Amino acid sequence: MTGTLYAISDLHIGYPENREIVAGLRPETGDDWLIVAGDVAETPADIEWALGTLSDRYAKVIWAPGNHELWTTAHDPVTLRGVARYEHLVGICRDLKVSTPEDPYPVWNGQDGPVAVAPLFVLYDYSFLPAGTSTKDEGLDYAHGTGIVCSDEFVLHPDPHPSREAWCHARVEQTERRLAGLGLPTVLVNHFPLVREPTSVLRYPEFAMWCGTERTADWHTRFQAAAVVYGHLHIPRTTWYDGVRFEEVSLGYPREWRLRDEGPAQPRAILPGSPG
């Protein structure tokens, strides 16, 4: 393999400008892979179009779900909720030959390989609490008081789990078991950051409650991560924690990327890696 492993997230193709960007994405070589780290769109039809378009072009596409894919909204003809909705999206991806968190992790055998590219789905559990709060209820009360409340509270349903945090904990336990048996270095791919530190730059710090779980805080060291790829924050940048490179690869909303001097984010090279 002589290609590059690229990553991008938060495509939000419900916006025509973003849909046009996705329509224009092309690999540099026939061996290039592309990670899509969640928030492709809100409807299965749009998700299928975007991932299908990219799968036709890249040698392999790897998808991890974001929160927006899991929304069940009044205007969506697909009324599935929670686990059933997620499994429906996994089925779409499999038809498109797109790798998901439910499939064997593909192994990158290009430069800096072999590395298992592991798309994850572990949600959040409200453990990234605002300062001065010690429980989920206190945190939510504080967030409601500021007016900063994630739409997930209204349209991301955990069925059949009793809560989003219960779904998160089940996913963490299942994923931990898989990662523990790999025996290879990894690129860990999750829509939400696996550690809390990246949320420190949020304009509204209370939004961190919907950004991950403390239960994954050591995964980048425990599971030999060559890199961690995430999105969700819409703050594209490279940071390092415990000597591991973390890449936030969001495209984000048009109103956000128009403010960047460099314009909309392009897929970022993950492997071959850069020195720390």
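The values are calculated or read from the model by the stated rules, or taken from the named source; none is laboratory data. This structure is a prediction, so every number in the text was calculated from the model and none was measured. We place every Cβ from the backbone using ideal geometry, glycine too, and count neighbours over all the protein chains shown.
Looking across the stretch 105-116, the residues that are of a type outside the set (Gly, Ala, Ser) and more than 14 Å from residue 180 (Cα to Cα) come down to 106, 107, 108, 109, 111, 112, 114, 115. What do you reckon, is residue 102 in contact with a Lys or Arg (Cβ under 9 Å, 6 or more places away or on another chain) and in a loop (DSSP other than H, G, I, E, B)? Criteria met by residue 102. Considered as a group, the residues in the stretch 23-48 that are closer than 18 Å to residue 269 by Cβ and of a type in the set (A, V, I, L, M) include one that is surrounded by the most Cβ atoms within 10 Å (Cβ to Cβ), and that residue is 36.
For residue 260, work out the one condition from (1) out of contact with any helix residue (DSSP H, G or I) (no Cβ under 6 Å at 6 or more places or on another chain); (2) surrounded by fewer than 19 Cβ atoms within 10 Å (Cβ to Cβ); (3) in contact (Cβ under 8 Å) with a residue 40 or more places away in the chain; (4) in a loop (DSSP other than H, G, I, E, B) it doesn't fulfil. Result: residue 260 fails condition (3) only. Going residue by residue through the stretch 174-185, is there one that turns out to be in contact (Cβ under 8 Å) with a residue 60 or more places away in the chain and under 27 Å from residue 79 (Cβ atoms)? Taking every residue of the stretch 174-185 in turn, none turns out to be in contact (Cβ under 8 Å) with a residue 60 or more places away in the chain and under 27 Å from residue 79 (Cβ atoms). Within the stretch 213-228, identify whether any single residue is out of contact with any helix residue (DSSP H, G or I) (no Cβ under 9 Å at 6 or more places or on another chain), free of Cβ contacts under 8 Å to residues at least 60 places away in the same chain and within 21 Å of residue 69 (Cβ to Cβ), and answer yes or no. No: the stretch 213-228 contains no residue that is out of contact with any helix residue (DSSP H, G or I) (no Cβ under 9 Å at 6 or more places or on another chain), free of Cβ contacts under 8 Å to residues at least 60 places away in the same chain and within 21 Å of residue 69 (Cβ to Cβ).
Scan the stretch 1-58 for residues that are of a type in the set (S, T, N, Q), within 28 Å of residue 109 (Cα to Cα) and assigned to a loop (DSSP other than H, G, I, E, B) and jot them down. Within the stretch 1-58, 2, 4, 29 meet the criteria. With respect to the conditions (1) under 20 Å from residue 112 (Cα atoms); (2) buried (at least 22 other Cβ atoms within 10 Å of the Cβ); (3) in contact with a His (Cβ under 8 Å, 6 or more places away or on another chain), residue 229 lacks only one, and its number is (3). Residues in the stretch 1-28 that are within 21 Å of residue 190 (Cα to Cα) and of a type in the set (A, V, I, L, M, F, W, C): 5, 7, 8, 11, 13, 22.
Restricting the stretch 238-257 to residues that are surrounded by fewer than 14 Cβ atoms within 10 Å (Cβ to Cβ) and of a type in the set (D, E, K, R) leaves a set whose member that is modelled with the highest pLDDT is 242.
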